[in-house]
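The values are calculated or read from the model by the stated rules, or taken from the named source; none is laboratory data. Not measured: the values here are computed from a predicted model. All Cβ positions, glycine included, derive from the backbone under ideal geometry; neighbour counts span all protein chains shown.
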């Protein structure tokens, strides 16, 4: 215990790990990010051409997992436990709602996400065609396990996602990295949106978000400065002389 007047030598373990920073560097190549973004829809195109076998149904299931993480980077524990009619609610207009209660999240705050458009269409296809091939009668889970009363395990989801992304995109990525990727994508071109990322990822404190994405913010600041300097240079091009300031 720290005594009054004593200087603490403890260093907070905050910020992104070096390992995750290295993995995020893969997305410096825009083609990598594009390949990952297109993967779920490419799987859907393949699935529409074949009958709903167990193998294909599992592939679509993994594609759905990846698609949800791209749009709603929730933690793997919450992903695995999504239950129809409770935390995952298909809507009459075709949208899908993820509704996590305060007791289900790490920061003890409610987290609600609406999935729309092509994302919802992919999930609808999975619910109508593929999930029935994989599920046990009476299972409430979006990603059913081997018995009706259990969902797919964290490890099973993690392994399937990592393998598919590696094989199809040549990218090393683990599920938690989707959260870092979301912050990276938003802050790369919008340095001012750190509070938005804070809400997206459910961080209690803005300082937590800043500590994770200080690298992205710093690079964004450098890119902005570089752009402004080049704009100034462009404005001076063709000018025969530079006007001296008045005294």
Practice task
Could you please let me know if residue 82 is farther than 16 Å from residue 167 by Cα and touching a strand residue (DSSP E or B) at 6+ places or on another chain (Cβ under 7 Å)?
Solution key: yes
Exercise for the section: Six or more apart or on different chains, Cβ under 6 Å: which pairs go from a residue in the stretch 50-70 that's free of Cβ contacts under 8 Å to residues at least 12 places away in the same chain to one that's in a helix (DSSP H, G or I)? Could you list them? Expected result: 50/56
Completion exercise
Selection from the stretch 102-143 of residues assigned to a strand (DSSP E or B), at pLDDT below 95, in contact with a helix residue (DSSP H, G or I) (Cβ under 9 Å, 6 or more places away or on another chain) and over 21 Å from residue 37 (Cβ atoms) yields 111
Handout entry: Pick from the stretch 86-96, criterion assigned to a strand (DSSP E or B) and touching a residue at least 24 places away in the same chain (Cβ under 8 Å), ranking: farthest from residue 138 (Cα to Cα)
Key = 96
Handout entry: The lone exception for residue 43 - which of (1) under 23 Å from residue 148 (Cα atoms); (2) crowded, with 18+ Cβ neighbours inside 10 Å it fails
Key = (1)
Completion exercise
Contact list, first residue from the stretch 117-142 and on the phi > 0 side of the Ramachandran plot, second anywhere and modelled with pLDDT under 95, beta-carbon distance below 6 Å, six or more apart or interchain, is 138/148
Exercise for the section: State whether the residues of the stretch 54-75 include one that is crowded, with 19+ Cβ neighbours inside 10 Å, within 22 Å of residue 100 (Cβ to Cβ), touching a strand residue (DSSP E or B) at 6+ places or on another chain (Cβ under 6 Å) and modelled with pLDDT of 95 or more. Expected result: no
Handout entry: Single unsatisfied condition, residue 31 versus (1) under 21 Å from residue 182 (Cα atoms); (2) surrounded by fewer than 16 Cβ atoms within 10 Å (Cβ to Cβ); (3) in contact with a helix residue (DSSP H, G or I) (Cβ under 9 Å, 6 or more places away or on another chain); (4) modelled with pLDDT of 90 or more
Key = (3)
Handout entry: Index of the failed condition, residue 162 passing every other in (1) without any contact (Cβ under 8 Å) to a residue 24 or more places away in the chain; (2) more than 16 Å from the chain's Cα centre (by Cα)
Key = (2)
Practice task
Kindly indicate whether residue 147 is in a helix (DSSP H, G or I) and either at pLDDT 95 or above or more than 20 Å from the chain's Cα centre (by Cα) (or both).
Solution key: no
Problem - Condition met for residue 99 (touching a residue at least 12 places away in the same chain (Cβ under 8 Å), in contact with a strand residue (DSSP E or B) (Cβ under 6 Å, 6 or more places away or on another chain) and not in a loop (DSSP other than H, G, I, E, B)) - result: yes
Exercise for the section: Those residues that are surrounded by fewer than 15 Cβ atoms within 10 Å (Cβ to Cβ) and in a loop (DSSP other than H, G, I, E, B), I need them from the stretch 76-85; list them, please. Expected result: 85
Practice task
Would you point out the residue of the stretch 128-147, among those that are surrounded by fewer than 17 Cβ atoms within 10 Å (Cβ to Cβ) and in contact with a strand residue (DSSP E or B) (Cβ under 9 Å, 6 or more places away or on another chain), that is farthest from residue 23 (Cα to Cα)?
Solution key: 136
